[in-house]
Amino acid sequence: MVPFWDDLKKITRIKKSLSGINAVGVGFMVAAFILLMIPIGTSYTSLLIVLATFLLLQFTKIKTPYLILAGVLLGCIPLFFP
């Protein structure tokens with residue numbers, strides 16, 4: 001991404017700080033996941049959807065935009081067929 005990134009990673013202080021920055025990034029992602037799950041609730045259905053989505057992304061070649069589009073279309077079904 002940045003042309004001088006490899007040179008920066010060779011500096012000891014920057015190399016050590018990257019592990020902390022990585023930990024903060026993971027923490028932010030976990031916090032965002034929890035904050036997004038609170039309004040949905042933790043029903044078995046929502047947990048099953050999260051697990052199925054993760055498994056589809058991890059073990060198939062389905063692209064993320066297609067999975068998002070499928071989720072939107074499945075979410076619209078109750079609107080058109082009550």
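The values are calculated or read from the model by the stated rules, or taken from the named source; none is laboratory data. No experiment lies behind these values; they were computed from the predicted model shown. Virtual Cβ from ideal backbone geometry, glycine too; neighbours counted across all protein chains shown. Surface accessibility is based on the protein's heavy atoms, side chains included, excluding ligands, DNA and RNA. Shrake-Rupley method; radii C 1.70, N 1.55, O 1.52, S 1.80 Å.
Remarks
- The chain: chymotrypsin sites (Phe, Trp or Tyr not before Pro) in DSSP loop, at most 13 other beta carbons within 10 Å: 4
- Rg(Cα) / (2.2 N^0.38 Å) computed for the chain, rounded to two decimals: 1.62
- Angle between the chain longest axis and helix 12-40 axis [Cα atoms, degrees, rounded to 10]: 10 degrees
- Taking the Cα centre of the chain as origin and assigning +1 to Lys and Arg Cβ atoms and -1 to Asp and Glu Cβ atoms, the resulting dipole is close to 360 debye.
- Angle in degrees between helix 64-80 and the longest Cα principal axis of the chain, rounded to the nearest 10: 30 degrees
- Low-density loop positions, trypsin sites (Lys or Arg not before Pro), segment 8-82 - DSSP coil, at most 14 other Cβ in 10 Å: 10, 61, 63
- Folded to 0 to 90 degrees: helix 44-59 orientation relative to the chain principal axis, Cα: 50 degrees
- Listed residues 49, 14 arranged by accessible area, highest first, probe 1.4 Å: 49, 14
- Taking the accessible area of the chain, probe 1.4 Å, and keeping the other protein chains in place, the carbon and sulfur fraction comes to 76%.
- Selected from 35, 69, 56 as most flexible by GNM, with the chain as the system and alpha-carbon contacts under 10 Å: 69
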